[in-house]
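Structure first, commentary second.
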Amino acid sequence: MTYCVGMMLDRGLVLMSDTRTNSGVDNISTFRKMFHWEQPGERIITVMTAGNLATTQAVISQLEERNKAPADRHNSLLEAPTMFKVATIIGDLLQDIIAQRAADNGQKAAAGTFSASMIVAGQIKGMEPRLFLIYPEGNFIESSFDTPFFQIGETKYGRPILIRGYHRDMTFESAVKLMTVSFDSTLKANLSVGLPLDLIVLERDRFTPLHERRIGDGDPYFRSVSASWSEALRTALDGLPDYRFEPAPV
């Protein structure tokens with residue numbers, strides 16, 4: 001399982017992902033699920049992945065190969081004129097790989113076995129930062145004022161935190177704190193999501209990460225937020241009006 005969040009703010013973009021993948025309680029591994037490519041001063045593109053590991057690795061490997069292509073060969077990702085086109089390229093690639101793997105394994109009717117989804121975020125010079133959620137079918141939606149953040153993977157435990165705490169004009173620091181609480185709640189509820197976490201902050205018009213960090217087991221900030229949030233919840237619960245068993249009506 002996976003948990004990834006991409007968030008749009010007035011100041012830019014904040015993205016966080018876990019790194020756990022497993023095929024059973026006795027087979028747990030760590031794999032990076034966040035990747036980014038940049039041309040300083042011109043563009044930055046970040047991708048987070050969830051779903052079938054072989055599928056997502058195939059997509060990322062092909063994108064990496066294109067990024068390493070010789071100068072005399074075109075790189076569709078880094079030459080795309082808009083972030084919309086970037087999302088289209090990645091969506092088409094994801095769809096093609098899922099279809100090919102299903103066909104190779106004789107499971108055309110069960111392509112869901114190889115399903116994956118992705119969050120794509122970034123900015124190209126002269127344009128606005130943009131955030132997309134790409135579905136296994138290759139189609140996608142873009143963030144808006146109605147949907148200012150996207151989640152993929154194990155979304156249900158961390159979503160209420162984001163809905164209650166998010167506001168578009170919050171600082172990057174506040175957004176990271178909000179995401180940390182969301183991830184902490186998810187980690188406590190589902191063992192298939194786990195540390196370390198990858199974090200990247202993309203400031204508007206910067207085209208290189210403002211902040212990039214891996215949050216590992218024992219990280220003092222994560223531990224402090226986790227403990228403080230648990231204590232704050234207990235304090236808030238104690239402060240709510242008590243429920244009372246009233247005498248049954250005669």
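Bear in mind that the values in this text are calculations on the coordinates, not laboratory data. As the structure is a prediction and not an experimental result, all values here were calculated from the model. In this analysis, Cβ positions are derived from the backbone assuming ideal geometry, glycine residues included, and neighbour counts consider all displayed protein chains.
Assorted remarks:
- For the pair LYS68 and ASP242, a Förster radius of 45 Å applied to the C-beta separation gives a FRET efficiency near 0.10, rounded to the nearest 0.05.
- Applying 1/(1 + (r/R0)^6) with r as the Cβ-Cβ distance of SER144 and ASP104 and R0 = 35 angstrom yields a FRET efficiency of 0.40.
- GNM top mover of MET127, MET34, MET118 - the chain, alpha-carbon springs below 10 Å: MET127
- Each peptide among 173-181, 235-243 gets the average number of other Cβ atoms lying within 10 Å of its residues, and from highest to lowest they stand as 173-181, 235-243.
- Shape of region 115-250, Cα gyration tensor, a/c cut at 1.5: prolate
- Within the chain, helix-based [θ] at 222 nm, where runs of 4 or more DSSP H residues each add -39,500 (n - 2.57), nearest 500: -11000 deg cm²/dmol
- Three-way shape call for region 3-239 based on the alpha-carbon gyration tensor, with the a/c threshold at 1.5: oblate
- Inter-part distance where region 32-67 and region 80-138 are each reduced to a Cα centre, Å: 11
- Peptides 213-222, 143-152 ranked from most to least packed give 143-152, 213-222, packing being the mean of other C-beta atoms within 10 angstrom over each peptide's residues.
- P(r) of region 178-245 over all Cα-Cα pairs, binned every 10 Å from zero, in whole percent: 17, 37, 26, 15, 5, 1
- Length gained on full extension, SER76 to ALA232: 51.3 nm, using 0.36 nm per residue less the C-alpha separation.
- Subtracting the Cα-Cα distance of ILE163 and LYS85 from their residue separation scaled by 0.36 nm leaves 25.2 nm.
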